[in-house]
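Beneath this line is the structure, given in structure tokens, with notes to follow.
The values are calculated or read from the model by the stated rules, or taken from the named source; none is laboratory data. Fair warning: this is a prediction, and the values are worked out from it, not measured in the lab. Glycine also receives a Cβ, built like all others from the backbone with ideal geometry; neighbour counts cover every protein chain displayed. Heads up: the accessible areas ignore ligands, DNA and RNA and are worked out on the full protein's heavy atoms, side chains in. Shrake-Rupley method; radii C 1.70, N 1.55, O 1.52, S 1.80 Å.
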Amino acid sequence: MKAAEVLDNLKLRFPGEKEYHQAVQEVLESIEDVYNEHPEFEKANLIERLCIPDRIVSFRVTWVDDSGAVRTNMGYRVQHNNAIGPYKGGIRFHASVTPSILKFLAFEQTFKNSLTTLPMGGAKGGSDFSPRGKSNAEVMRFCQAFMLELWRQIGPDTDVPAGDIGVGGREVGYMYGMYKKLTREHTGTLTGKGLDFGGSLIRPEATGYGNVYFLLEMLKTRGIELRGKTVAVSGSGNVAQYTVEKLIELGAKVVTMSDSDGYIYDPDGIDRAKLDYIMELKNLYRGRIREYAEQYGVKYVPGGRPWGEKCDIAMPSATQNELTGDDARQLLANGCIAVSEGANMPSTPEAIDAFQEAGILYAPGKAANAGGVSVSGLEMTQNAQKLSWTAEEVDRRLHQIMENIHTQCAKYGMRPDGSIDYVKGANVAGFMKVAQAMMAQGLV
Ligand code: NDP
Ligand code: 2IT
């Protein structure tokens, strides 16, 4: 089957899964040329086998809330592909979680993990449970109930989950506690663990820092300095916070952050003290970004997204499809020169087309946000060796990995005019490694 036919076929077989179709379409469009150069891929029906997850496990999660009411949620694990290593990818707890969302994320994760150069396959899991507004005890009971089912599917050489939206250190800790109790093993099967029980230094920082390191590599190709640039960031969770931390450290001015209720615009820039306030607000009190505007007397736009504000660089770091074609055109009209994605698939296809046509620096999430899973991979190595590396050592390796991903994008995405198509570069580089591994392993 030709690449384009595979997509039509997937749409018929899995109707309504629009995020999954969207992610597959983007990859198939970029790899079509290389795919057609390899008739052996077609003979092995490789594309279809690479697009359909190896398996999806779904289960009911039953838990008791603080009022004593018995509640149910759905739980899932999508094990997409393990050709180059054990399944690996985060867990998302959010009311919007559906099989389509997790299938798109697991599909993306497979290519992202391939780019990291570490031996990790792709997976994603989660639940339509949202920790927002829940007590600590409710979150713990939910995590334990979720793990009562999931533990059978995972293991240090089988499938290694981690965090994502709604799953941070707290949730990973509770899930790991139950996993350890059920298996009677301390094998580090989740990453993003606390530092005292096998977690890696720099894992919390890794996605945000890695995105800034990738941005620096992109800017370097055009001789542009980061210092002094105005940056719009969306989100105020794990990825956004450490993106902003690194940007401040390197002398950029961050003017926006957001949450699902709205965004703040601070024309003076978010400095270290203001970021500390946000970290405390979000991580300790689990408050709303609106409170920042009240604290510092700046603009708050309820229900809005930050892309209408003037900036040189945009770093969407909240969720999928949070940056539309209109947003992209607005950013370009305001002089934006680079977009580097912290979130997974934050730009719609129309937005990506607008960035690509304008010829600005545009990095898709599977390249730019791969730092998080990379340090997860380094956490797995440290757990296997039963030792832990210093922050400097992990940060050095993270830096190296992000540079290497940039080099791979340049290798496969160089345009005739010398500029880099990062979408094509990331997709082709990620694809080739997984495809070759699948060919070598036969029809399994
Ligand atoms: P967090 O839960 O820590 O933060 C998510 C942030 O995005 C919050 O500010 C949240 O607002 C906002 N948000 C979530 N859903 C929506 C929505 N539907 N509409 C608007 N805003 C929303 O998650 P992370 O920071 O870990 O993840 C952010 C993105 O980065 C996701 O796309 C994730 O897949 C991706 N990513 C994460 C990695 C990691 O290591 N954690 C690695 C690579 C990518 P609110 O507080 O109101 O919910
Ligand atoms: O999207 C992602 O890469 C993550 N949520 C991190 C996955 C991981 O296994 O660390």
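Below is a table of values for the structure above.
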{"quantity": "Within region 44-65, tally of residues that are among the hydrophobic types (A, V, I, L, M, F, W, C) and open to solvent by 60 Å² or more (accessible area, probe 1.4 Å)", "calculated": "2"}
{"quantity": "Selection status of P346, within 14 Å of ligand 1 (Cβ to nearest atom), touching a strand residue (DSSP E or B) at 6+ places or on another chain (Cβ under 7 Å) and closer than 17 Å to A314 by Cβ", "calculated": "yes"}
{"quantity": "Subset of region 408-421 [open to solvent by 90 Å² or more (accessible area, probe 1.4 Å) and among the acidic types (D, E)]", "calculated": "D417"}
{"quantity": "Some residue of region 247-262 being closer than 19 Å to Q320 by Cβ, within 16 Å of ligand 1 (Cβ to nearest atom), open to solvent by 30 Å² or more (accessible area, probe 1.4 Å) and in a loop (DSSP other than H, G, I, E, B)", "calculated": "yes"}
{"quantity": "Scope region 137-185; condition among the aliphatic types (A, V, I, L, M), open to solvent by 20 Å² or more (accessible area, probe 1.4 Å) and part of a loop (DSSP other than H, G, I, E, B); matching residues", "calculated": "I165"}
{"quantity": "Residue selected from region 95-127 under the condition among the hydroxyl-bearing types (S, T, Y) and more than 13 Å from ligand 1 (Cβ to nearest atom), by the criterion most open to solvent (accessible area, probe 1.4 Å)", "calculated": "T117"}
{"quantity": "The listed residue being crowded, with 24+ Cβ neighbours inside 10 Å and at pLDDT 95 or above, out of G335, G359, G325, G372", "calculated": "G372"}
{"quantity": "Within region 6-61, considering residues that are without any contact (Cβ under 8 Å) to a residue 40 or more places away in the chain and of a type in the set (D, E), the one nearest to L105 (Cα to Cα)", "calculated": "D54"}
{"quantity": "Inter-residue pairs, beta-carbon under 8 Å, first at pLDDT 95 or above and in region 382-404, second open to solvent by 30 Å² or more (accessible area, probe 1.4 Å) and among the polar types (S, T, N, Q), 6+ apart", "calculated": "Q382/S388; N383/T187; I401/T117; N404/T117"}
{"quantity": "Unique residue being more than 15 Å from K88 (Cα to Cα), open to solvent by 10 Å² or more (accessible area, probe 1.4 Å), part of a helix (DSSP H, G or I) and within 14 Å of ligand 1 (Cβ to nearest atom) when the list is I401, I405", "calculated": "I401"}
{"quantity": "Positions within region 219-235 being farther than 15 Å from G269 by Cα, more than 16 Å from ligand 2 (Cβ to nearest atom) and open to solvent by less than 60 Å² (accessible area, probe 1.4 Å), in sequence order", "calculated": "L219, I224"}
{"quantity": "Region 385-398: number of residues that are farther than 21 Å from S340 by Cα and either outside any helix (DSSP H, G or I) or open to solvent by less than 80 Å² (accessible area, probe 1.4 Å) (or both)", "calculated": "8"}
{"quantity": "A435, sole failed condition from (1) in contact with a Ser or Thr (Cβ under 9 Å, 6 or more places away or on another chain); (2) open to solvent by less than 20 Å² (accessible area, probe 1.4 Å)", "calculated": "(1)"}
